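Since the structure comes first, as structure tokens, the remarks are kept for the end.
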Amino acid sequence: MSSTPEWSGDMLDRPEMVEAFAAQLRRVLSDQADFVARIRRDAEAMWKANPPDGYGSFEAWWRHRWVRSPFAEIQEHLEKAATLTFRLEARYRRSRHEIPARREAAAQAKQAPALPRGGPAARPAPARATRQPDQAPPLEGDFLDLIRRGRSA
């Protein structure tokens, strides 16, 4: 049996799980972008300092460009992917929690009976408690740790 939990969609039902997932993904992508940047920096310096024998200056420049460009593109894509994790987290929070909570509050407001002028005030049913993102409990551990704890509970 594998030590990593199997994926299921219900793992991302809670905002704190999505926040932990996005943070961990962002960290991994940033680490990989840093790794590619180090390799790119070293490869560029090595190529400039030690061009292969028999290359003219144009051919050395051309081949250097062919080595450098893919590393630069990979690094850019990794950095962009890391920034997209913020959009992932925000979209999830809005579409799965904030928008449904507003719709539910609006539906309950529509269903609340109109107050009679002189009679006692009718109490509407309490709204479903929704946790705002700024009220989330502090995260302890990364996404996979939270999943393991959730599965073992």
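The values are calculated or read from the model by the stated rules, or taken from the named source; none is laboratory data. All figures in this text were calculated on a predicted structure; none of them were measured in a lab. Virtual Cβ from ideal backbone geometry, glycine too; neighbours counted across all protein chains shown.
Quick notes
- Top-ranked residue in region 96-125 [being modelled with pLDDT under 75 and in contact with a helix residue (DSSP H, G or I) (Cβ under 9 Å, 6 or more places away or on another chain); ranked as nearest to residue 6 (Cα to Cα)]: 125
- Top-ranked residue in region 68-107 [being of a type in the set (Val, Ile, Thr) and surrounded by 15 or more Cβ atoms within 10 Å (Cβ to Cβ); ranked as nearest to residue 28 (Cα to Cα)]: 85
Residues are listed down the side, and each one gets a yes or a no for (1) over 14 Å from the mean Cα position of the chain (by Cα); (2) farther than 30 Å from residue 144 by Cβ:
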| site | (1), (2) |
| --- | --- |
| 23 | no, no |
| 31 | yes, no |
| 37 | yes, no |
| 53 | yes, yes |
| 71 | yes, no |
| 86 | no, no |
| 90 | no, no |
| 93 | no, no |
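- Sub-7 Å Cβ pairs linking a first residue in region 23-48 that is under 12 Å from residue 67 (Cα atoms) and surrounded by 13 or more Cβ atoms within 10 Å (Cβ to Cβ) to a second residue that is at pLDDT below 95 and basic (Lys, Arg), at least 6 apart or interchain, are 40/68; 44/68, ordered by first then second residue.
- Condition check for residue 128: closer than 28 Å to residue 17 by Cα, at pLDDT below 90 and surrounded by 12 or more Cβ atoms within 10 Å (Cβ to Cβ): no
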